[in-house]
Amino acid sequence: MELEDLVDKYRSSTRLTKGLLIIFSGLLPALYLWVNEAESLEFRRNQVETEVAQERAKFEAARQKTAELPALLSKLTSIEEDLKKAKLILPDTIAVDSILGEL
């Protein structure tokens, strides 16, 4: 069939046939994607969802560490206060000779 024959056939067809041909030609790209590209797109989507879940887990771990930060800071200040008290009580140098002499 030549192009002129196809054009004549199209022109002589009914409105319903013309409409169906237009709809079918409009659906061809979607059909191509569904048949040929769907598997790779599904694989990529699953891969991205896995990456998102991993990043969310990292975010939640960081948020939990951030929530623990005030408690750790208060513990650090109490340890520093205990260290200051110990420095006041203890001598600056170790007096090994005097300790051995007392024994």
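Odds and ends about this structure:
- Placing unit charges on each Cβ (+1 for Lys and Arg, -1 for Asp and Glu) gives segment 3-102 a dipole about its Cα centre, and among L41, T17, P70 the Cα reaching farthest toward its positive end belongs to T17.
- Taking Cα atoms only, the orientation of helix 38-89 departs from the longest principal axis of the chain by about 10 degrees.
- Between the helical axis of 3-12 and the longest alpha-carbon principal axis of the chain there is an angle of about 80 degrees.
- Cα principal axis extents for segment 3-102, largest first, Å: 122, 24, 16
- Taking the C-alpha atoms only, the angle from helix 15-32 to the longest principal axis of the chain is near 30 degrees.
- If the segment from A57 to L76 were pulled out straight at 0.36 nm per residue, it would be longer than the present Cα-Cα gap by 4.1 nm.
- Distance between modelled label sites at K65 and A38, nm, 7 Å Cα→Cβ extension: 4.4
Each reported figure results from applying straightforward, stated rules to the coordinates on display, with no laboratory input. Treat the numbers as computed from the prediction; the structure is a model and nothing was measured. Reconstructed Cβ throughout: ideal geometry from the backbone, glycine too, with neighbour counts over all protein chains shown.
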